[in-house]
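To keep things clear, I will list the structure first and then write my remarks on it.
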Amino acid sequence: MKEEKKNNVALKIAKIVRVSSVPPVMVTILIILLYFLREGIFRSWIDGVVSIMSLAVIPVLAYPISWIIPKLRAKGREGQRNLAFALNPVGYIIAFAYGLISRAGKDLMIIYTAYLLSVIVLLLFNKVLKFRASGHACAVTGPIVIISYYLGMWGIVGGAVVYALILWASLAMKRHTLKEFVFGSLTSATAFFIGVLVFGLI
């Protein structure tokens, strides 16, 4: 009985961790931290607002839209997932296009490129190759890697703790296998360093 109660508590904690680390939350935290703690990435508040709107708000529209449209609502969580996969590229393309048109700085373009490449690779894995790479892991790892890169040691240490906690939550709730989580993580980490390489050469 005590063991069952303990497991229930652990699952509740895992659920809280999963919900609080959804992609829109993670990217919003990323943008806010970089905006206030690292000068030079955002030229003004406009860059910050556009980043949140395109990288966080547009993708999260999948949830209200899927509730409004009967066919998507009937599909439940799967309908939300499919629409999110469609809206994520839209938001990320808008961010990337804004960066090019407005001549955003190198660092902001690296971030936009990382998100765009990540979603392209995830779509390739999940929709074309039919290999399930964790989108949640991708969305968690991206901000952690970016914060570690720009904010240094405290970002690395804090990011490692957050990553371990979210990995535990995902495995505890059986949302992903370790392999799926690792592949999702490698997707965003690789995308970021490709962005660093590309814009470092320009």
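The values are calculated or read from the model by the stated rules, or taken from the named source; none is laboratory data. The structure presented is a predicted model; accordingly, all values stated were derived computationally and were not measured. Cβ placement follows ideal geometry from the backbone for every residue including glycine, while neighbour counts extend to all protein chains displayed. These area figures cover heavy atoms from the full protein model, side chains too; ligands, DNA and RNA do not enter into them. Shrake-Rupley method; radii C 1.70, N 1.55, O 1.52, S 1.80 Å.
Numbers for the structure displayed
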quantity	calculated
Residue-span extension gain [residue 15 to residue 153] - 0.36 nm each, minus C-alpha spacing	46.8 nm
Rg to Rh, two decimals, where region 144-202 supplies the alpha carbon set and Rh follows Kirkwood	1.06
Positive dipole terminus of the chain, leading residue within 23, 57, 8 (C-beta point charges)	8
Prolate/oblate/rounded label for region 19-61 (Cα gyration tensor, a/c 1.5)	oblate
Accessible surface, per residue, of region 95-202 when the full set of protein chains is kept, probe 1.4 Å, Å²	49
Dipole magnitude of the chain about its Cα centre (Cβ charges: Lys, Arg +1; Asp, Glu -1), debye to nearest 20	820
Heavy-atom accessible surface of the chain: percent carbon and sulfur, 1.4 Å	73
Tail beyond 20 Å, pair distance distribution of the chain (Cα, percent)	58
Cut-off 11 Å between beta-carbons: net charge of the residues surrounding residue 131, Lys and Arg +1, Asp and Glu -1	+3
Gyration tensor (alpha-carbon) shape descriptor, region 97-184, a/c threshold 1.5	oblate
